[in-house]
Amino acid sequence: MRTSLEQPASRPLTRAGSLLLPLLAMAGLLCWPPERLDFYLSRFFHHPTAGFFLRHEFWLERVLHDGVRQVAALGAVGLLLCLAGSFLHPGARAWRRPLLYLVLAIALSTASMPFFKSATKVYCPQQLEEFGGVQPYVPLLAPVAAPHDTGRCWPGGHAATAFSLFALYFVLRDRRPRQARWVLRAVLAGGAVLSAAQIMRGEHFFSHNLWTMLIDWTICLLLYRLLLYRPQAPGWSG
């Protein structure tokens with residue numbers, strides 16, 4: 001007999017439905033980067049004389065950028081306290097592994113962004129000559145020579161605040177499938193809102209945030225397979 005807190009056997013997780021598709025999407029973005037779409041969308045929020053006129057708009061900068069960061073920091077502290085409590089309180093032992101997974105998945109999903117930014121040296125739209133800046137546009141993974149090697153805008157770090165919460169979906173996937181689907185929709189919606197805010201401010205192109213979504217999904221999925229995934233044993237009847 002399995003208790004309500006015991007980790008249930010996982011539902012089947014096929015590569016085609018989880019890992020293969022984001023990897024194929026990444027390969028597609030590398031082979032056919034959506035540069036025209038990126039510039040087309042960003043031009044909607046740029047004026048030849050005023051620049052990105054929504055860059056310092058209150059709701060975009062103070063609420064959806066600064067405010068979300070503060071809430072995320074508080075959430076991270078709360079999650080760490082919950083994890084610590086699972087080691088101190090015997091009744092919370094069953095949640096230790098899911099909490100550890102959440103901490104690791106969210107931390108890696110967000111902490112990987114600065115690494116990629118430093119490695120790729122991609123500039124933000126508002127820094128480019130096309131939008132009134134001084135830097136030339138250089139495609140992703142193209143060689144960048146000094147003094148044009150100081151860009152730090154790929155992928156979209158702020159969108160990772162939302163997309164790192166794919167981890168919540170994987171925690172609930174086997175325990176509460178219906179709620180997991182709602183969480184997945186909420187994470188996608190939240191990521192879309194934060195991505196749109198940064199596009200309107202001239203801080204990122206559309207593809208920057210699309211990459212963030214794919215990277216974070218892959219990180220959360222791989223850690224799920226490592227820490228939480230329990231394939232159903234042959235003959236298991238539930």
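Taking helices (runs of 4 or more DSSP H) that do not extend beyond segment 8-114, which have at least 1 residues that are aromatic (Phe, Trp, Tyr)? Give the steps one after another, and end with the answer.
Working: elements: 20-31, 35-43, 68-88.
Correct list: 35-43, 68-88.
What is the residue count in segment 59-76 for residues that are open to solvent by less than 60 Å² (accessible area, probe 1.4 Å) and in contact (Cβ under 8 Å) with a residue 24 or more places away in the chain?
Residues flagged as open to solvent by less than 60 Å² (accessible area, probe 1.4 Å) and in contact (Cβ under 8 Å) with a residue 24 or more places away in the chain within segment 59-76 amount to 7.
Which residue out of LEU108, LEU141 is surrounded by fewer than 20 Cβ atoms within 10 Å (Cβ to Cβ), aliphatic (A, V, I, L, M), touching a Leu at 6+ places or on another chain (Cβ under 8 Å) and farther than 20 Å from LEU29 by Cβ?
Just one listed residue meets the conditions, LEU108.
Residues of segment 180-216 being under 12 Å from the mean Cα position of the chain (by Cα) and touching a residue at least 60 places away in the same chain (Cβ under 8 Å), which ones?
The answer is LEU194, HIS208, LEU210, TRP211, THR212, LEU214, ILE215, ASP216.
Which residue is nearest to the chain's Cα centre (by Cα), if the candidates are limited to segment 28-58 and must be aromatic (Phe, Trp, Tyr) and open to solvent by 90 Å² or more (accessible area, probe 1.4 Å)?
TRP32
Can you tell me how many residues within segment 149-170 are part of a helix (DSSP H, G or I) and either polar (S, T, N, Q) or over 16 Å from the mean Cα position of the chain (by Cα) (or both)?
1
Which members of segment 91-148 meet the condition of being aromatic (Phe, Trp, Tyr), under 25 Å from SER164 (Cβ atoms) and over 18 Å from the mean Cα position of the chain (by Cα)?
The answer is TRP95, TYR123.
Could you identify the single residue in ALA189, ALA146 that is surrounded by fewer than 17 Cβ atoms within 10 Å (Cβ to Cβ) and at pLDDT 95 or above?
Only one candidate passes the filter, namely ALA189.
With among the β-branched types (Val, Ile, Thr), touching a residue at least 12 places away in the same chain (Cβ under 8 Å) and in contact with a strand residue (DSSP E or B) (Cβ under 9 Å, 6 or more places away or on another chain) as the only criterion, which of THR161, THR150 stands out?
Just one listed residue meets the conditions, THR150.
Of the conditions (1) modelled with pLDDT under 95; (2) open to solvent by 100 Å² or more (accessible area, probe 1.4 Å), THR3 fails just one. Which one is it?
For THR3, the failing item is (2).
The values are calculated or read from the model by the stated rules, or taken from the named source; none is laboratory data. Source: prediction; values computed, not measured. Note that we place each Cβ from the backbone using ideal geometry, even for glycine, and neighbour counts take in every protein chain shown. When the accessible area is computed, the model is the full protein with side chains, heavy atoms only, and any ligands, DNA or RNA have been set aside. Shrake-Rupley method; radii C 1.70, N 1.55, O 1.52, S 1.80 Å.
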